[in-house]
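The values are calculated or read from the model by the stated rules, or taken from the named source; none is laboratory data. From a predicted model like this one, the values you see are computed outputs, not experimental measurements. Reconstructed Cβ throughout: ideal geometry from the backbone, glycine too, with neighbour counts over all protein chains shown. Remember, those area values only see protein heavy atoms, side chains included, never the ligands or the DNA or RNA. Shrake-Rupley method; radii C 1.70, N 1.55, O 1.52, S 1.80 Å.
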Amino acid sequence: MWFSISFFFFSDIDGTMMQSPDIMSLQMISAINHSSLIQPGFSLLNFDGQVFFFGQKGWPKRSCPTGVFLLDLKKNELKLKPAFFSKDSCYLPPLRYPAVCAVRGRTESEKCQYVIHGGKTPNNELSDKIYVMSIVCKPSKKITFKCTEKELVGDVPEARYGHTINTVHSRGKSMSVIFGGRSYIPVGQRTTEKWNSVVDCMPHVFLVDFEFGCCTSYILPELQDGLSFHVSIARNDTIYILGGHSLENNIRPPNLYRLKIDLPLGSPSVSCTILPGGISVSSALVTQTGDKEFVMVGGYQCDNQKRMFCNTITLEDNNIEIVERETPDWTPDIKHCKIWFGSDMGNGAILLGIPGDNKQLISDANYFYILRCGGARDEEEEAAQTCSQTSTEDPGDSTPFEDSEEFCFSAEANSFDDDDIDTYNEDDEEDESETGYWITCSANCDIDINTWVPFYSTELNKPAMIYCSNGDGHWVHAQCMDLSEGMLIRLSEANIKYFCNEHVDLARGLQTPKKVLPVKKQPMKPLRRKTSMKIATPVKKSFLRRLFE
């Protein structure tokens with residue numbers, strides 16, 4: 001899953017003084033309410049110091065139709081409260097793993113806006129739309145948002161996820177740049193077996209001009225492979241692209257690219273330079289600790305292995321320097337967990353989440369930490385932006401540890417009163433422990449949400465299941481039932497009953513009686529009336545003559 005990072009200038013999260021810039025501290029926090037919403041794939045949006053959660057796993061419920069929540073972090077307790085949208089706002093679906101970038105508006109009311117592109121809907125469809133989200137009203141404590149869908153013409157990028165969007169500034173003009181990501185294979189190539197198969201998008205660079213609503217793609221010879229779940233850092237007219245995962249080759253090349261965008265009066269110019277000193281990493285988190293300094297944390301260095309190292313990234317003019325730095329004191333839970341996800345909270349702080357114990361039985365049991373990397377920045381300094389696709393999708397959204405869990409990066413969380421915003425009714429959310437895929441289907445069920453990987457070619461996000469008709473019926477995992485993919489497809493297409501391994505013996509005594517063919521009866525032939533034709537005795541003419549006389 002991936003989450004985008006945008007950096008701002010805020011005070012420390014809880015108002016305390018930051019530690020030394022070289023010291024990284026880890027602090028556990030408690031998720032008090034609505035923890036089921038905080039799943040891999042979400043994004044955080046920071047508006048003038050207030051952080052909002054976006055991208056829940058299911059469609060918004062009646063108690064919170066917007067699907068956007070205020071992130072309330074006070075006294076090491078994390079709460080979510082519903083946000084509000086204006087009546088003239090378009091509907092913003094709860095997209096997961098989109099590309100998110102903060103931009104500055106032209107007016108004071110549009111001081112901070114967010115551009116949101118792509119991502120996955122709860123139906124696991126990919127979006128190709130671009131939304132701009134801004135604040136239209138900010139009374140004492142109730143913020144009202146406005147979301148606008150932007151129509152583009154030209155080389156419009158296809159629907160995707162796991163990509164980045166950045167804003168560059170050159171010669172007094174600004175444009176957004178979209179790069180990387182994954183998409184489903186073209187519709188013409190999608191079969192039943194490969195319906196949910198994904199491929200890396202072509203390594204095209206898209207330049208988007210929101211003022212005129214046009215988009216242009218550029219093919220650069222230096223960019224040969226499509227990359228997903230990479231890190232991108234933008235400053236002024238330059239974007240640095242670091243790491244990423246190539247799905248076609250299943251590698252994480254140690255690439256480091258520098259994109260330079262020139263915006264003269266005529267046509268824009270885009271150039272790419274390959275730099276040395278790259279890192280083989282995907283799904284890393286990045287937070288900004290100074291005007292020119294960033295800290296990169298975590299990610300994956302290969303399949304099934306997290307990258308536990310940290311790096312300091314420094315930007316100087318047209319140069320970038322990446323050096324390793326001291327890591328925090330990771331807890332045993334973080335060290336041994338298979339996946340992790342998180343979010344940049346601004347001012348050198350990162351929100352980290354890991355699956356809790358017995359995740360298969362308690363789908364909401366996530367543990368959360370705040371990682372403080374140190375650093376501060378001047379409010380008057382120009383904000384740099386970073387985006388990274390940390391892959392922490394629902395286990396199974398991609399191949400094992402193939403950046404399957406994206407991280408989210410965003411801003412700092414502040415403290416808010418508990419009585420100013422309507423509460424969200426968590427009971428409205430569907431209980432996946434009973435109706436979802438992460439169940440114990442049988443005594444020998446070995447499907448674990450923490451380690452599950454696709455078994456059939458038709459799977460991508462969830463394990464395949466089949467319905468057992470015993471009693472009131474129940475769902476079981478096809479993999480646990482030792483069903484081949486061909487048999488699974490055949491049973492799914494046929495209108496017949498299936499009994500799982502535990503109930504098949506019971507079903508044998510319930511054989512369907514053989515179909516008794518009706519007795520064949522010969523159709524009755526209609527009786528033909530036999531007309532006897534008797535030949536009359538000849539009558540003499542004399543007799544007839546006398547008769548009529």
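Determine, from the Cβ-Cβ distance of Thr192 and Glu222 and an R0 of 56 Å, the FRET efficiency 1/(1 + (r/R0)^6), rounded to the nearest 0.05. My answer for the efficiency is 0.90.
The relative contact order of segment 443-490 comes to 32 percent, based on Cα pairs under 8 Å that sit 6 or more residues apart. Given a 1.4 Å probe and the protein chains as shown, Ile489 ends up with an accessible area of around 40 Å².
At a 10 angstrom cut-off on C-beta neighbours, averaged per residue, how do the peptides 47-57, 263-273 rank from highest to lowest?
Highest mean packing first, the order is 47-57, 263-273.
The protection proxy used here, the mean number of other Cβ atoms lying within 10 Å of each residue, ranks peptides 296-307, 234-245 as follows, highest first: 234-245, 296-307. For segment 109-214, the relative contact order works out to 21 percent when only alpha carbon pairs closer than 8 Å and six or more residues apart are counted. Remark: segment 203-278 carries 41 Å² of accessible area per residue (probe radius 1.4 Å; ligands, DNA and RNA excluded). Report, to the nearest whole %, how much of the accessible area of segment 139-245 belongs to carbon and sulfur atoms, 1.4 Å probe, protein only. Using a 1.4 Å probe with all protein chains present, segment 139-245 comes out at 53 percent carbon and sulfur.
Largest to smallest in accessible area, the residues Thr167, Thr148 fall in the order Thr148, Thr167 (1.4 Å probe, all protein chains included). Would you tally the net charge around Pro186, using a Cβ to Cβ cut-off of less than 12 Å, leaving Pro186 out, and scoring K and R as +1, D and E as -1? So the environment of Pro186 carries a net charge of +1.
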